[in-house]
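Beneath this line is the structure, given in structure tokens, with notes to follow.
The values are calculated or read from the model by the stated rules, or taken from the named source; none is laboratory data. Not measured: the values here are computed from a predicted model. Here the Cβ positions follow ideal geometry from the backbone for every residue, glycine too, while neighbour counts run over all protein chains shown. These accessible areas exclude ligands, DNA and RNA; they are computed on the full protein's heavy atoms, side chains included. Shrake-Rupley method; radii C 1.70, N 1.55, O 1.52, S 1.80 Å.
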Amino acid sequence: DRAAWASTVAQIEHLARSAEDDFVVVPVDVDPLVEIGNMLYEGPWLAERTAAFGQHLDAVDIDPTVRAIVSRGHEFSAVQMHEAAFQLSQRRRLADEIWNDVDVLIVPTVPGVATLDEVAADPIGRNSRLGTYTNWVNLLDQCGVAVPGADRPDGLPFGVTVLGPAWADPTVVSFA
């Protein structure tokens with residue numbers, strides 16, 4: 001994936017040099033965004049999903065992995081939800097500063113390809129890892145579109161996601 005990412009970034013940099021519209025490629029530290037994304041599956045936002053399922057959570061035909069994830073919403077209190085909302089608002093300010101410097105972010109869509117067997121062996125962990133670079137988008141009210149990236153050396157697919165702040169859909173789609 002590193003090779004495909006490097007090749008994709010090189011292609012974008014080439015486009016930047018040859019584009020009629022001036023744009024530059026700058027590195028951005030997305031670690032604070034990844035931390036926000038972790039809040040989605042490790043914190044009280046699970047309770048939102050629990051509430052959305054309501055009494056259907058006990059339905060026989062719900063995937064057991066989904067049930068295991070969503071049921072964890074019962075573990076959190078209203079106080080924990082408010083504390084997490086406060087943390088998110090603080091982190092949102094830091095995340096919003098990114099948009100002062102860039103119009104779009106480009107991130108790998110997933111960090112590595114997962115086989116069906118790998119997902120079956122660890123469905124919660126693997127799916128959480130697959131969302132590393134995109135899980136924060138919902139919590140921060142951002143928008144994005146996934147597109148193919150450069151080919152991986154092993155022939156497996158690689159993609160990138162073009163992200164933008166809320167209501168930047170035309171810019172994101174145009175760039176994608």
In segment 91-104, residues that are assigned to a loop (DSSP other than H, G, I, E, B), in contact with a helix residue (DSSP H, G or I) (Cβ under 8 Å, 6 or more places away or on another chain) and open to solvent by less than 40 Å² (accessible area, probe 1.4 Å) total 1
Only one of Ala121, Ala166, Ala146 is within 30 Å of Pro64 (Cβ to Cβ), of a type in the set (Gly, Ala, Ser), at pLDDT 90 or above and under 16 Å from the mean Cα position of the chain (by Cα), namely Ala146
Among the residues of segment 145-154, the number that are touching a Ser or Thr at 6+ places or on another chain (Cβ under 8 Å), open to solvent by less than 50 Å² (accessible area, probe 1.4 Å) and of a type outside the set (Val, Ile, Thr) is 2
If we keep only residues of segment 48-66 that are part of a loop (DSSP other than H, G, I, E, B) and hydrophobic (A, V, I, L, M, F, W, C), then the residue modelled with the highest pLDDT is Ile62
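Residues checked against (1) farther than 15 Å from Gln142 by Cβ; (2) in contact with a helix residue (DSSP H, G or I) (Cβ under 9 Å, 6 or more places away or on another chain); (3) at pLDDT 90 or above; (4) not acidic (Asp, Glu):
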residue: Asp1; (1), (2), (3), (4): yes, no, no, no
residue: Glu13; (1), (2), (3), (4): yes, no, no, no
residue: Ser18; (1), (2), (3), (4): yes, no, no, yes
residue: Asp22; (1), (2), (3), (4): yes, yes, no, no
residue: Val25; (1), (2), (3), (4): yes, yes, no, yes
residue: Ala68; (1), (2), (3), (4): yes, yes, no, yes
residue: His74; (1), (2), (3), (4): yes, yes, yes, yes
residue: Gln80; (1), (2), (3), (4): yes, yes, yes, yes
residue: Ile106; (1), (2), (3), (4): no, yes, yes, yes
Filtering segment 105-142 down to residues that are open to solvent by 70 Å² or more (accessible area, probe 1.4 Å), free of Cβ contacts under 8 Å to residues at least 40 places away in the same chain and among the aliphatic types (A, V, I, L, M) yields Leu116, Ala120, Ala121
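For residues in segment 68-102 being among the β-branched types (Val, Ile, Thr) and farther than 14 Å from Glu42 by Cα, which is farthest from the chain's Cα centre (by Cα)?
Going through segment 68-102, the residues among the β-branched types (Val, Ile, Thr) turn out to be 69-70, 79, 98, 102.
Then drop every residue that is not farther than 14 Å from Glu42 by Cα, which leaves 79, 98, 102.
Details: Val79: 26, Ile98: 16, Val102: 18 Å.
If we take residues in segment 68-102 being among the β-branched types (Val, Ile, Thr) and farther than 14 Å from Glu42 by Cα, then Val79 is farthest from the chain's Cα centre (by Cα).
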Within segment 1-47, the residues that are in a loop (DSSP other than H, G, I, E, B) and open to solvent by less than 80 Å² (accessible area, probe 1.4 Å) are Asp1, Ala19, Phe23, Val25, Val26, Val28, Val30, Gly43, Pro44
